[in-house]
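In what follows, a structure is listed as structure tokens, so that the remarks can point back to it.
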Amino acid sequence: MSVIYISVTENSDRLDRYLSQELSELSRSRIQQLIEQGHVQINAQVCISKKIHLKTGDRITLEIPAIQPLQIQAADIPLDILYEDDELIILNKPAGLVVHPAPGHPDGTLVNAILAHCPNLPGIGGVQRPGIVHRLDKDTTGAIAIAKTDLAYQHLQAQLQAKTARREYLGLVYGVPKTETGSIDLPIGRNPQDRKKMAIVSVEDGGRTAVTHWQVQERLANYTLIHFQLETGRTHQIRVHSAKMGHPIVGDPVYGSGRSVGVNLPGQALHAWKLQLQHPLSGNLVQVTAPPPPSFTTLLEVLRRRSGISRR
């Protein structure tokens, strides 16, 4: 454990803001975590409020505990890299790959694979989820960003919270929407009858704001290819909102209809197609497009043939 002593030289309206300005090597989220865990003292008194006002002459003691040893083992799992530099890496995740270890999936995850490729990730963004900025469901494919530094993690998290990062998906749904475009603004929370599932839940009952924009890309008889854009990033958001529309994602075993399309799918027909964000250091725009997996494109071709549609 290391200890940092700071003498406040000017008044400040927030403890976390002051410390993030004084300690550029620590992200604001890390500082907030240390405050909440009781590692910060003001004038020899433990302070667990990040919003406390500071006065000139206050004495701050900040304890930084040693990074907890990472119990996750690196694994030589192939990665489809779309973009990489010293700050971040963007991958095209396949279906069937869990993003981070969890009960029932202790290893063989994307995190295990990333640790083999980037061994310096421990301590960035959490012990069990090093570098993970956002998630994709196990059976959802496509672009996912991983932070390689604490600064990148903080910056990318802020972009997601400010809704400046752009995430676009392609999804094949059952049925045909009556309009070409639309938006779904319905809060999502844990299903009170089944805690393993998500559902439309009022904010009063614990639901969180969830907004999904959609546009028809292609009509294929009784199926539709839809372009989704997320404004928020709730668990299972597109899957829950699509089902609420009456047009669940094809192949979705949880929120779908259970119907078969005659094509073997490794997961639901939902693909994180495009990801656009600002580079944490340069500020330049980083845009990647993740090619859909063969199972997705094969399904589209089968449905086009059935519908008498040619793409030649």
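The values are calculated or read from the model by the stated rules, or taken from the named source; none is laboratory data. Everything quoted here is computed from the prediction, not taken from an experiment. Here Cβ is always computed from backbone atoms with ideal geometry, including for glycine, and neighbour counts include all displayed protein chains. Quick note on the areas: whole protein, heavy atoms, side chains included, nothing else; ligands and nucleic acids left out. Shrake-Rupley method; radii C 1.70, N 1.55, O 1.52, S 1.80 Å.
Could we say that GLN21 is at pLDDT below 90, touching a helix residue (DSSP H, G or I) at 6+ places or on another chain (Cβ under 7 Å) and not assigned by the TED database to the domain that holds ARG167 here? Here the answer is no, as GLN21 does not meet what is asked.
If the condition is being in contact (Cβ under 8 Å) with a residue 40 or more places away in the chain, open to solvent by 50 Å² or more (accessible area, probe 1.4 Å) and among the hydrophobic types (A, V, I, L, M, F, W, C), then segment 142-168 contributes only LEU151. Among helices (runs of 4 or more DSSP H) entirely within segment 1-118, having at least 1 residues that are closer than 16 Å to GLY131 by Cα singles out 28-36, 110-117. Residues of segment 187-204 that are out of contact with any Gly (no Cβ under 7 Å at 6 or more places or on another chain), part of a loop (DSSP other than H, G, I, E, B) and either more than 17 Å from VAL254 (Cβ to Cβ) or not assigned by the TED database to the domain that holds LEU303 (or both): SER202 alone.
Filtering segment 257-292 to residues that are open to solvent by 30 Å² or more (accessible area, probe 1.4 Å) and within 26 Å of MET245 (Cα to Cα) leaves SER257, GLY258, ARG259, SER260, GLY262, VAL263, ASN264, LEU265, PRO266, TRP273, LYS274, PRO292.
Yes/no per residue for (1) crowded, with 19+ Cβ neighbours inside 10 Å; (2) modelled with pLDDT of 90 or more:
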{"residue": "LEU62", "(1), (2)": "yes, yes"}
{"residue": "PRO65", "(1), (2)": "no, no"}
{"residue": "GLN68", "(1), (2)": "no, no"}
{"residue": "GLN73", "(1), (2)": "no, no"}
{"residue": "ASP85", "(1), (2)": "no, yes"}
{"residue": "LEU88", "(1), (2)": "yes, yes"}
{"residue": "LEU91", "(1), (2)": "yes, yes"}
{"residue": "HIS105", "(1), (2)": "no, no"}
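Being open to solvent by 70 Å² or more (accessible area, probe 1.4 Å) and of a type outside the set (A, V, I, L, M, F, W, C) is true of LYS138.
Among the residues making up segment 270-299, those that are of a type in the set (A, V, I, L, M), at pLDDT 95 or above and closer than 16 Å to ILE226 by Cβ are LEU270, ALA272.
Applying the selection to segment 233-257, what residues are more than 23 Å from LEU275 (Cβ to Cβ) and in a helix (DSSP H, G or I)?
Answer for segment 233-257, where residues must be more than 23 Å from LEU275 (Cβ to Cβ) and in a helix (DSSP H, G or I): ALA243, LYS244, MET245.
Checked against (1) in a strand (DSSP E or B); (2) out of contact with any strand residue (DSSP E or B) (no Cβ under 6 Å at 6 or more places or on another chain); (3) basic (Lys, Arg), ARG167 passes all but a single condition, namely (2).
So ALA44 clears everything in (1) among the small types (Gly, Ala, Ser); (2) open to solvent by 70 Å² or more (accessible area, probe 1.4 Å); (3) touching a residue at least 60 places away in the same chain (Cβ under 8 Å) except one condition, right? Which one? Every listed condition holds for ALA44 apart from (3). Entry remark, segment 205-232: residues being part of a loop (DSSP other than H, G, I, E, B) and over 18 Å from ASP137 (Cα atoms) number 5 in total.
Inside segment 241-256, residues that are over 18 Å from ARG219 (Cβ atoms), among the β-branched types (Val, Ile, Thr) and open to solvent by less than 30 Å² (accessible area, probe 1.4 Å) make up a count of 0.
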